[in-house]
Amino acid sequence: MTEVVYYDILVADFFTVLNGVEFLSKKAFIGVYGCQMNIADAERMEGVLGTLGYERIGEMQDADLILLNTCCVRETAEDKVYGKIGEIKHIKQKNPQLIFGITGCMAQKEGEALIKRAPHIDFVLGTGRVAELGNVVKQLEDEQVHHFVDTTMDDAVEAASRMPVEREGTLSAWVPIMYGCNNFCTYCIVPYVRGRERSRRPEEILAEVRDAAAKGFKEVTLLGQNVNSYGNDREDGMSFAELLTEVDKVEGIERVRYMTSHPKDLSDAVIEAVKNGKHICEHFHLPVQYGTDHLLHRMNRKYTVAQYKALVERIREAVPNASITTDLIVGFPGETDEDFQGMLDFLREVRYDAAYTFIFSRRSGTPAADMPDQIPDELKKERLHKLMDVQNEISLSINEKLVGSEAEVLVEGPSRTDESVWTGHTRTSKIVLWPYTGKEQPGELRRVSITQAQTWLLKGTLAE
Ligand code: SAM
Ligand code: SF4
Ligand code: F3S
């Protein structure tokens, strides 16, 4: 390869020359919806597309390939994707060579129906077929196939370890430890679109964590729908608590996080692991979903309010400075005024640091979608606002108590809106903002004196 040709290629912005190999420099836009698991999957998809010569770009207009990694947990999530699919129709009309694919949970749920509804979609690949992405894109590029749909529930566990990963960011790494869910909460679509629980082998997880540490990542978040049941489907005997402790030992990793914990399965061993761990963060995200036994039973959550409160007590006793956050659903079928009042009382009693609040969304195929006594939309919204008001007041009052204290933050960098204000998270997962001093570097652990509290964040100054 002569230098002149190389120069011409650069000017043409058409070919890339890498180690003497020439291949098309193609651009991929990957839109990600939904939870952290979808982000983690998309990082693997980006890795695979990278091996085919694609680089990721931020704008759909210039893309040779568009991938939407979708979510269907609530109707609003699906609506966003349908909106995007509509937008992409115009791009495809201008550029018929564009390859357009749908992956993720909506792909799994809808399959072929997506292409029937929007024929400009070229392929639909379900959650268990992520590893096939490279083959499918190649076949479409070579025009061996024109449309492709596969929603077979294969083993995503093996795929995860085979696929190269192109991580977003440089500090914090998502590491899936298990896929799927066995719990079948009556409102939830996830078990239907992600299949049964499958745990990755501990050595593969640890290898991935070590690899992230070697690349400079300081924080890992271990991902699963119910990390507490990690390993139950394997014979090699490592529990989630043991896995946490092993991950804690990986050199270079300063913070270990995990999500999500199902309260019915959070063991004392995990609480002990957090208490005794050096890098395991003192934050428990423990979705309760509701605060009365009547609704917890209808939701099939398999714990009572009393059991949940006892668990919170055990956590607070063992790790007194831990933060506890939750997910809440209002407007579940059969929710009475008494239930709702019970929920508000429950919140005032437990006092979460923060809560992610959702309006119940009917997901066809789930038992709750067909339950009698569905709640009218207006009432759902009214209850959501009341609930948020109560929770916001609690979050603010907990944060206000932190004013005057010091907290360790992992320095992330400038905040989105102001270069002179930097941001990071505490071990308890609270966002902290402070005026940039010019001395801190992303990835450092620094102490911040907290001077101001808001509902969702803290402000302070960097301590020397
Ligand atoms: N596996 C996790 C657990 O059990 O806590 C959470 C998984 S789900 C992706 C995240 C949250 O979405 C749930 O905790 C629940 O609050 C909410 N969610 C799930 N299905 C919902 C539905 N049909 N309507 C409203 N919110 C829903
Ligand atoms: Fe959904 Fe329940 Fe499984 Fe969480 S535990 S993913 S809410 S079915
Ligand atoms: Fe959505 Fe699937 Fe996650 S439905 S919340 S992307 S597991």
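Data for the structure
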| item | result |
| --- | --- |
| Hits in segment 441-458 - residues which are in a strand (DSSP E or B) and either among the aliphatic types (A, V, I, L, M) or open to solvent by 40 Å² or more (accessible area, probe 1.4 Å) (or both) | 445, 446, 447, 448, 450, 451, 452, 453, 457, 458 |
| Some residue of segment 120-129 being closer than 30 Å to residue 228 by Cα, open to solvent by less than 30 Å² (accessible area, probe 1.4 Å) and within 15 Å of ligand 2 (Cβ to nearest atom) | yes |
| Enumeration of residues in segment 152-180 that are touching a strand residue (DSSP E or B) at 6+ places or on another chain (Cβ under 7 Å) and within 19 Å of residue 195 (Cα to Cα) | 155, 156, 157, 160, 175, 176, 177, 178, 179, 180 |
| Unmet criterion (only one of (1) under 30 Å from residue 406 (Cβ atoms); (2) surrounded by fewer than 21 Cβ atoms within 10 Å (Cβ to Cβ); (3) more than 16 Å from ligand 2 (Cβ to nearest atom); (4) in contact (Cβ under 8 Å) with a residue 24 or more places away in the chain) for residue 324 | (2) |
| Pick from segment 91-106, criterion open to solvent by less than 10 Å² (accessible area, probe 1.4 Å) and within 16 Å of ligand 1 (Cβ to nearest atom), ranking: nearest to residue 141 (Cα to Cα) | 104 |
| Close pairs from segment 420-440: first open to solvent by less than 20 Å² (accessible area, probe 1.4 Å), partner among the basic types (Lys, Arg), Cβ under 8 Å, at least 6 apart | 424/446; 432/459; 434/459; 440/446 |
| The lone exception for residue 374 - which of (1) in a loop (DSSP other than H, G, I, E, B); (2) open to solvent by less than 20 Å² (accessible area, probe 1.4 Å) it fails | (2) |
| In segment 58-76, the residues that are over 21 Å from the mean Cα position of the chain (by Cα), of a type outside the set (S, T, N, Q) and assigned to a loop (DSSP other than H, G, I, E, B) | 59, 60, 62, 63, 64 |
| Search result, residues across segment 286-319 that are in contact with an Asp or Glu (Cβ under 8 Å, 6 or more places away or on another chain) and within 14 Å of ligand 2 (Cβ to nearest atom) | 287, 288, 289, 290, 295 |
| Only one of 313, 272 that is more than 16 Å from ligand 1 (Cβ to nearest atom) and out of contact with any helix residue (DSSP H, G or I) (no Cβ under 8 Å at 6 or more places or on another chain) | 313 |
| Filter result for residue 115 (more than 24 Å from the chain's Cα centre (by Cα) and surrounded by fewer than 20 Cβ atoms within 10 Å (Cβ to Cβ)) | yes |
| Test: residue in segment 55-63 that is closer than 22 Å to residue 193 by Cβ and open to solvent by less than 10 Å² (accessible area, probe 1.4 Å) | no |
| Sole residue being polar (S, T, N, Q), surrounded by fewer than 19 Cβ atoms within 10 Å (Cβ to Cβ) and within 25 Å of the chain's Cα centre (by Cα), chosen from 392, 399 | 392 |
| Filter result for residue 138 (closer than 22 Å to residue 26 by Cβ and open to solvent by 60 Å² or more (accessible area, probe 1.4 Å)) | yes |
| Number of the exception - residue 49 against (1) more than 16 Å from ligand 1 (Cβ to nearest atom); (2) assigned to a strand (DSSP E or B); (3) closer than 17 Å to residue 166 by Cα | (2) |
| Meets criteria (assigned to a loop (DSSP other than H, G, I, E, B), modelled with pLDDT of 95 or more and either in the same structural domain as residue 188 (by TED's automatic domain parsing) or surrounded by 20 or more Cβ atoms within 10 Å (Cβ to Cβ) (or both)) for residue 363 | yes |
| Residue satisfying condition, being closer than 27 Å to residue 29 by Cα, in contact (Cβ under 8 Å) with a residue 40 or more places away in the chain and within 12 Å of ligand 2 (Cβ to nearest atom), within set 157, 190 | 190 |
| Filtered residues of segment 207-223 (kept if assigned to a loop (DSSP other than H, G, I, E, B) and either open to solvent by 20 Å² or more (accessible area, probe 1.4 Å) or within 15 Å of residue 158 (Cα to Cα) (or both)) | 215, 216, 218 |
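Residue-wise test of (1) within 12 Å of ligand 3 (Cβ to nearest atom); (2) open to solvent by less than 60 Å² (accessible area, probe 1.4 Å); (3) at pLDDT below 95; (4) of a type outside the set (Asp, Glu).
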{"site": "164", "(1), (2), (3), (4)": "no, yes, yes, yes"}
{"site": "168", "(1), (2), (3), (4)": "no, no, yes, no"}
{"site": "172", "(1), (2), (3), (4)": "no, yes, no, yes"}
{"site": "179", "(1), (2), (3), (4)": "yes, yes, yes, yes"}
{"site": "185", "(1), (2), (3), (4)": "no, yes, no, yes"}
{"site": "201", "(1), (2), (3), (4)": "no, no, yes, yes"}
{"site": "205", "(1), (2), (3), (4)": "no, yes, no, yes"}
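The values are calculated or read from the model by the stated rules, or taken from the named source; none is laboratory data. What you are looking at is a predicted structure, and each value in this text was computed from that prediction instead of being measured. Note: ideal-geometry Cβ built from the backbone for every residue, glycine included; neighbour counts use all protein chains shown. Side chains included, ligands, DNA and RNA excluded: accessible areas come from the protein's heavy atoms. Shrake-Rupley method; radii C 1.70, N 1.55, O 1.52, S 1.80 Å.
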